[in-house]
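Peer 1: Take this structure first; my questions come after.
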Amino acid sequence: MKLLNMMLTLMVLSLLTTSCGSGKSGEADTAVCVWNKVSLRTEPNESSKWITAINLGEKVTYLNESATDSSGKKPVEYYKVGLQDGKEGWVRADFIVLNSQPAVLIYSAPLYNRPDLLTKSDKNFLPMDIVAVKNGDHEGWIEVTGKSNEGKWIDKGWIKPENLSYVDVDMAVAVFAKAAIDEKNDEKKLTMLREIANNSDLSNSAFMDHIYEMISYLDGGEEEYYEAETEDETAVVASESDSSEVYVVD
């Protein structure tokens, strides 16, 4: 009888341990960062050691742990997340959208408060804006969270799915282009845009025409861009009436 009671006790303890360690869902959740260069820290507070920065649009794994830092004027919620390279730490929940996947705007799109054409807001997302998508397709609508390049803070609402791309190369070009656009120095900005245009890994992006247009504008609008086949790669060429310059040929 004592042996039976002991076995039952061990079984109950085992079940309790499994339940406590599994988190709220028993599985890690995919999440998306909707702000650029968000700090990942060792503990859920701003004074803890900095580990690395999470980029806009980067996918992370939510490890089913959250905590609140109440040491400041306002409480701040944190999520514990894991990165693709194995790093783990705490990040402010304001900048992480749980149960979502990253996407990028291909076209300008008005933001709706609800999945209804009558609820159009005064806010819009623009091409190359990166958002987190939740809940999948809802009768022809997609719920998104993100910051427009022209906005000041993160917005949440509904848009039509045809305005979005989930392609990795489009995401990458959008991230690199945002960094270039944010650069204050025009020469550095132009260099960064040319690096995007000349990266053959990015050549299939839907945004390359936008990149060429920005380069042309910064160069005074005098150049026209086209693709030229070289011996070993496709290069972006700037053509003028009396000369042609290939910006990247190794």
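The values are calculated or read from the model by the stated rules, or taken from the named source; none is laboratory data. Note that the coordinates shown come from a computational prediction; the quantities given were computed from them, not determined experimentally. Note: ideal-geometry Cβ built from the backbone for every residue, glycine included; neighbour counts use all protein chains shown.
Let's see how each residue does on (1) among the basic types (Lys, Arg); (2) in the same structural domain as LEU105 (by TED's automatic domain parsing); (3) out of contact with any strand residue (DSSP E or B) (no Cβ under 8 Å at 6 or more places or on another chain); (4) in contact (Cβ under 8 Å) with a residue 60 or more places away in the chain:
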site: ASP129; (1), (2), (3), (4): no, yes, no, no
site: GLU139; (1), (2), (3), (4): no, yes, yes, no
site: ASN149; (1), (2), (3), (4): no, yes, yes, no
site: ASP155; (1), (2), (3), (4): no, yes, no, no
site: TRP158; (1), (2), (3), (4): no, yes, no, no
site: PHE176; (1), (2), (3), (4): no, no, yes, no
site: LYS188; (1), (2), (3), (4): yes, no, yes, no
site: ASN198; (1), (2), (3), (4): no, no, no, no
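Peer 1: Ok, one more. Within the set of pairs 6 or more residues apart or between chains, which connect a residue that is closer than 21 Å to VAL167 by Cβ inside segment 99-123 to a residue that is among the aliphatic types (A, V, I, L, M) and in a helix (DSSP H, G or I) with Cβ atoms less than 9 Å apart?
Peer 2: Listed pairs, sorted by first residue: PRO102/MET171; ALA103/MET171; VAL104/MET171; VAL104/VAL173; VAL104/ALA174; VAL104/VAL175; LEU105/ALA174.
Peer 1: Quickly run through segment 73-95 and pick out the residues that are of a type in the set (A, V, I, L, M), within 18 Å of the chain's Cα centre (by Cα) and over 19 Å from ALA172 (Cα atoms).
Peer 2: Residues satisfying the conditions are VAL81, VAL91, ALA93.
Peer 1: With polar (S, T, N, Q) and out of contact with any Asp or Glu (no Cβ under 9 Å at 6 or more places or on another chain) as the only criterion, which of ASN99, ASN113, ASN135 stands out?
Peer 2: The conditions single out ASN113.
Peer 1: OK, next. In the set ASN113, ASN55, ASN64, ASN45, which member is in the same structural domain as ASN135 (by TED's automatic domain parsing), modelled with pLDDT of 90 or more and not hydrophobic (A, V, I, L, M, F, W, C)?
Peer 2: That would be ASN113, the only listed residue that is in the same structural domain as ASN135 (by TED's automatic domain parsing), modelled with pLDDT of 90 or more and not hydrophobic (A, V, I, L, M, F, W, C).
Peer 1: Which of the residues belonging to segment 114-133 are surrounded by 17 or more Cβ atoms within 10 Å (Cβ to Cβ) and more than 13 Å from the chain's Cα centre (by Cα)?
Peer 2: PRO115, ASN124, PHE125, PRO127
Peer 1: Just to be sure, is GLY72 within 26 Å of VAL167 (Cα to Cα) and of a type outside the set (Asp, Glu)?
Peer 2: no
Peer 1: Which residue is nearest to ASP168 (Cα to Cα), if the candidates are limited to segment 23-42 and must be at pLDDT below 95 and in a strand (DSSP E or B)?
Peer 2: The qualifying residue nearest to ASP168 (Cα to Cα) is THR30.
Peer 1: Counting residues that are surrounded by fewer than 17 Cβ atoms within 10 Å (Cβ to Cβ) and not polar (S, T, N, Q), which strands (runs of 3 or more DSSP E) fully inside segment 57-112 reach at least 2?
Peer 2: Ranges flagged: 59-69, 76-82.
Peer 1: Any residue in segment 155-167 that is touching a Gly at 6+ places or on another chain (Cβ under 6 Å) and farther than 29 Å from PRO75 by Cα?
Peer 2: No, because not a single residue in segment 155-167 is touching a Gly at 6+ places or on another chain (Cβ under 6 Å) and farther than 29 Å from PRO75 by Cα.
Peer 1: What number of residues within segment 153-181 satisfy the criterion of being part of a helix (DSSP H, G or I) and within 17 Å of GLU58 (Cβ to Cβ)?
Peer 2: 12
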